[in-house]
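The values are calculated or read from the model by the stated rules, or taken from the named source; none is laboratory data. All of these numbers come straight from a predicted model, not from anything done at the bench. A quick note on method: Cβ atoms are made from the backbone with ideal geometry, for glycine too, and the neighbour counts reach across all protein chains shown. The protein model used for the area step is the full one, side chains on, heavy atoms only, and it has no ligands, DNA or RNA in it. Shrake-Rupley method; radii C 1.70, N 1.55, O 1.52, S 1.80 Å.
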Amino acid sequence: MPSLSCHNLLDLVAAADDAAPSPASLRLPRVMSAASPASPTSPSTPAPARRVVVSHRLPLRAAADAASPFGFSFTVDSDAVAYQLRSGLPPGAPVLHIGTLPPPATEAASDELCNYLLANFSCLPVYLPADLHRRFYHGFCKHYLWPLLHYLLPLTPSSLGGLPFDRALYHSFLSANRAFADRLTEVLSPDDDLVWIHDYHLLALPTFLRKRFPRAKVGFFLHSPFPSSEIFRTIPVREDLLRALLNADLVGFHTFDYARHFLSACSRLLGLDYQSKRGYIGIEYYGRTVTVKILPVGIDMGQLRSVVSAPETGDLVRRLTESYKGRRLMVGVDDVDLFKGIGLKFLAMEQLLVEHPELRGRAVLVQIANPARSEGRDIQEVQGEARAISARVNARFGTPGYTPIVLIDRGVSVHEKAAYYAAAECCVVSAVRDGLNRIPYIYTVCRQESTGLDDAAKRSVIVLSEFVGCSPSLSGAIRVNPWSVESMAEAMNAALRMPEPEQRLRHEKHYKYVSTHDVAYWAKSFDQDLQRACKDHFSRRHWGIGFGMSFKVVALGPNFRRLSVDHIVPSYRKSDNRLILLDYDGTVMPEGSIDKAPSNEVISVLNRLCEDPKNRVFIVSGRGKDELGRWFAPCEKLGIAAEHGYFTRWSRDSAWETCGLAVDFDWKKTAEPVMRLYKEATDGSTIEDKESALVWHHDEADPDFGSCQAKELLDHLENVLANEPVVVKRGQHIVEVNPQGISKGVVVDNLLSSMVSRGKAPDFVLCIGDDRSDEDMFESIVCPSNSSVKLPASSEVFACTVGKKPSMAKYYLDDTVDVIKMLQGLANAPSQRPRQVQLRVSFEGSL
């Protein structure tokens with residue numbers, strides 16, 4: 001059921017003039033209880049969970065058909081990744097596709113068409129008004145978001161592809177995504193279905209979906225590049241888009257570079273860190289772990305083999321081989337857009353013929369230009385540039401019977417395209433930026449599987465731009481910088497002159513990878529990781545918080561809950577010996593404060609708690625004793641444990657006690673020069689020299705560089721101090737070296753031991769902290785078996801962390817404001833007095 005606690009929060013983002021059709025206007029059959037017609041299941045075994053694949057376009061082709069009641073006939077688009085991925089899903093798993101109708105049929109919306117597509121193709125269309133779709137797709141997606149994801153900032157006129165950010169177009173983008181969420185809401189069974197969302201057109205959909213179904217199992221795969229954080233940060237709604245991705249359970253990218261840029265954006269914009277554990281990268285986000293997956297999409301081997309092995313393809317291969325006999329044939333296949341580098345490829349071909357006259361009359365580049373996917377002046381300019389350069393090169397070097405550049409910008413059948421792949425001895429990809437580009441994969445398979453070639457011809461060379469997503473996976477390719485025309489020309493020459501044995505070795509290496517990492521492998525891997533990422537959904541409680549695109553879901557363990565004053569006060573009142581332990585930074589003092597000294601409000605509430613003779617209140621901090629002693633001088637009865645417990649005092653007037661360990665601090669002479677080296681190399685970092693410890697702070701440094709340097713420093717210090725009696729720890733924006741046996745957990749054990757020895761074993765313990773060092777305190781009081789001191793069985797223990805995150809604590813408070821309110825609530829709660837019983841005695845009668 002949709003979450004009614006947050007109902008209609010996201011409707012705030014919709015523009016009034018972009019209203020999408022109401023889902024109530026369509027009468028859909030209930031599809032949750034039935035498997036897809038294409039995926040029958042055995043009645044003897046439980047049906048696998050349904051997969052709901054959501055993409056901008058349905059994997060269908062439409063052709064005008066006067067005989068059809070809809071005016072169009074529909075067939076499956078076997079080239080669509082959204083359809084090809086079915087081959088990697090569990091056998092028998094029903095699949096439902098959701099998306100808009102293919103372009104020719106966008107105006108054919110009707111209930112009858114919806115039911116027809118659902119029954120015959122397991123496809124459920126999303127109907128968008130023509131104007132909304134134009135503003136959503138051709139406006140925001142293709143002329144703002146898509147160029148920016150490909151590193152084109154909107155600094156230039158719109159004729160070059162990039163439009164400046166337009167709030168109205170963004171609202172259209174949100175309205176379209178909301179329409180997809182409306183359609184999903186009608187059919188989704190959130191407890192069972194797995195939802196797989198594809199590409200940047202639907203970046204906002206995870207937020208809309210998570211708002212309605214907090215436990216929905218949502219995966220998102222971005223098929224375009226994710227730009228560096230410097231580029232992504234130029235988007236005015238950057239936080240909205242990042243939070244939307246984080247509302248998915250699994251986020252997939254083609255390459256590590258794209259994932260790295262995403263993680264960097266999360267760190268710089270949202271302050272989120274990631275962890276790598278057993279091969280998986282995870283981001284902790286309000287109690288949920290968002291998994292990041294890196295795996296490029298493969299090709300559909302079965303579908304491609306059927307095309308290559310077709311007699312029609314074989315005949316075309318033989319004809320092309322005969323036509324280009326004696327020539328050195330190279331092929332390029334690209335969509336017509338700004339980033340495919342077709343003009344650069346043609347310039348490189350010209351340079352090749354200039355520098356190597358012996359190739360004139362022999363080298364031929366066939367360029368197949370696929371139809372453009374968008375519209376605008378930028379597409380026309382790309383087409384005009386390609387035609388102009390090819391005409392110039394052909395006029396300069398062409399002869400009767402020889403055309404150096406053959407530009408094919410008409411429609412080309414799949415069989416003809418496969419024939420060109422098979423006949424060419426080299427494939428050239430010169431894109432200046434591309435999410436993946438599967439052309440080299442297809443080329444490799446066509447060269448290997450073609451029936452029109454003999455075994456000796458089963459070799460290939462790929463000249464590949466280093467800026468495309470498939471480049472890391474094709475280690476045998478000649479990688480080039482497409483912006484360097486000279487480098488491109490030299491790479492093409494090297495490919496044509498490469499010895500056949502080397503060509504064969506490179507080809508075999510590529511074919512082995514492509515054939516084993518096909519689209520089925522990719523889909524199966526993503527599907528399995530999505531199930532793994534969602535396995536804890538029903539063991540946690542979920543709450544929706546936030547408005548508009550700031551909406552998010554908080555997931556908490558079944559025993560992890562917010563600590564309320566009403567919950568803790570009854571235990572506080574009835575107790576006689578209380579121990580209250582408070583961390584300082586991040587607990588009673590906000591992390592971002594410039595002035596780190598405690599406020600008057602903090603001093604006041606601590607004094608009120610200390611005035612109660614039943615309370616023992618301690619600040620347990622990693623800060624130095626002199627600093628803490630000066631700050632808390634107004635608190636006469638407050639205890640302080642400084643430097644993680646190396647120094648302790650029970651009140652302002654008592655002397656500082658050391659932990660009792662015999663500590664030799666000669667290790668500082670080794671650690672301090674190492675820290676100084678990293679301080680000088682890391683702008684914004686500082687060193688804090690405590691009496692018992694050394695701390696390197698990097699909270700003012702660049703987040704990425706500071707984190708990287710902290711990892712290096714941790715490893716460096718562990719090596720040089722391996723034989724010293726110290727512990728090197730990494731905390732929140734720090735790397736700290738402490739003597740062995742010093743921790744906040746030991747502090748708690750010592751305080752409990754002292755109270756027990758005085759005959760005042762605590763029957764109430766409250767411990768609040770926010771970072772890793774405080775987990776030692778939580779462990780000491782939550783896990784009695786790990787502590788040297790046993791609390792009475794009747795003791796009430798409240799371990800509370802600040803912020804919703806995995807912790808040994810069983811309770812949480814949102815922030816330091818909540819901590820102060822909690823302490824004020826306790827200070828205002830009088831201790832429970834012994835009940836006074838009045839006896840009324842009456843005497844009847846007389847002696």
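Things worth noting here:
- Of the set (1) open to solvent by 10 Å² or more (accessible area, probe 1.4 Å); (2) assigned to a strand (DSSP E or B), all apply to D131 but (2).
- Of the criteria (1) touching a residue at least 24 places away in the same chain (Cβ under 8 Å); (2) open to solvent by less than 30 Å² (accessible area, probe 1.4 Å), which one E636 fails: (2)
- Scanning the range 569-592 for residues that are free of Cβ contacts under 8 Å to residues at least 12 places away in the same chain and part of a loop (DSSP other than H, G, I, E, B) yields a single hit, G592.
- Residue that is farthest from the chain's Cα centre (by Cα) [pool: residues in the range 269-325 that are among the basic types (K, R) and surrounded by 14 or more Cβ atoms within 10 Å (Cβ to Cβ)]: R318
- Selection status of D527, more than 14 Å from F798 (Cα to Cα), assigned to a loop (DSSP other than H, G, I, E, B) and touching a Phe, Trp or Tyr at 6+ places or on another chain (Cβ under 9 Å): no
- Members of the range 443-474 found to be of a type in the set (S, T, Y) and more than 21 Å from K345 (Cβ to Cβ), listed by number: S450, T451, S473
- Among the residues listed as Y441, Y402, the single one being touching a residue at least 12 places away in the same chain (Cβ under 8 Å), over 20 Å from A494 (Cβ atoms) and either surrounded by 24 or more Cβ atoms within 10 Å (Cβ to Cβ) or aliphatic (A, V, I, L, M) (or both): Y441
- If you check D434, D378 for being in contact with a Gly (Cβ under 6 Å, 6 or more places away or on another chain), among the acidic types (D, E), farther than 16 Å from M330 by Cβ and surrounded by 21 or more Cβ atoms within 10 Å (Cβ to Cβ), only one passes: D378.
- Consider the range 650-683 and keep the residues that are in contact with a Gly (Cβ under 7 Å, 6 or more places away or on another chain) and open to solvent by 20 Å² or more (accessible area, probe 1.4 Å). The one that is farthest from R623 (Cα to Cα) is L661.
- Tabulated pairs, the range 383-398, first assigned by the TED database to the domain that holds L338, second surrounded by fewer than 14 Cβ atoms within 10 Å (Cβ to Cβ) and of a type outside the set (D, E), C-beta under 8 angstrom, 6+ apart or interchain: none
- Residue among S189, S175 that alone is in a helix (DSSP H, G or I), open to solvent by less than 40 Å² (accessible area, probe 1.4 Å), out of contact with any strand residue (DSSP E or B) (no Cβ under 7 Å at 6 or more places or on another chain) and more than 27 Å from P296 (Cα to Cα): S175
Listed here are the residues, each with its yes/no results for (1) part of a loop (DSSP other than H, G, I, E, B); (2) closer than 17 Å to V366 by Cβ.
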site	(1), (2)
R410	yes, yes
Y421	no, yes
N437	yes, no
R459	yes, no
G476	yes, no
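- Residue in the range 758-766 that is within 30 Å of A701 (Cα to Cα) and assigned to a strand (DSSP E or B) present: no
- Scanning the range 205-227 for residues that are within 14 Å of the chain's Cα centre (by Cα) and either assigned to a strand (DSSP E or B) or without any contact (Cβ under 8 Å) to a residue 60 or more places away in the chain (or both) returns P206, V218, G219, F220, F221.
- Here V519, V485 are screened, and the one residue that is touching a helix residue (DSSP H, G or I) at 6+ places or on another chain (Cβ under 9 Å), within 27 Å of A204 (Cα to Cα) and open to solvent by less than 40 Å² (accessible area, probe 1.4 Å) is V519.
- Counting residues in the range 655-664 that are out of contact with any strand residue (DSSP E or B) (no Cβ under 9 Å at 6 or more places or on another chain) and touching a residue at least 24 places away in the same chain (Cβ under 8 Å) gives zero.
- Just one of the listed residues (D566, D626, D595) is of a type outside the set (V, I, T), part of a helix (DSSP H, G or I), surrounded by fewer than 17 Cβ atoms within 10 Å (Cβ to Cβ) and within 43 Å of the chain's Cα centre (by Cα), and it is D566.
- When S276, S323, S374 are checked against the criterion of being in contact with a Lys or Arg (Cβ under 7 Å, 6 or more places away or on another chain), at pLDDT below 95 and hydroxyl-bearing (S, T, Y), a single residue qualifies: S374.
- Condition met for I640 (hydrophobic (A, V, I, L, M, F, W, C), within 30 Å of A265 (Cα to Cα) and touching a Lys or Arg at 6+ places or on another chain (Cβ under 9 Å)): no
- Qualifying residue in the range 488-503 (condition: more than 20 Å from A363 (Cα to Cα), in contact (Cβ under 8 Å) with a residue 40 or more places away in the chain and open to solvent by 40 Å² or more (accessible area, probe 1.4 Å)): no
- Selection of the range 341-358 for residues being more than 22 Å from E381 (Cα to Cα), touching a residue at least 60 places away in the same chain (Cβ under 8 Å) and open to solvent by less than 10 Å² (accessible area, probe 1.4 Å) yields only L352.
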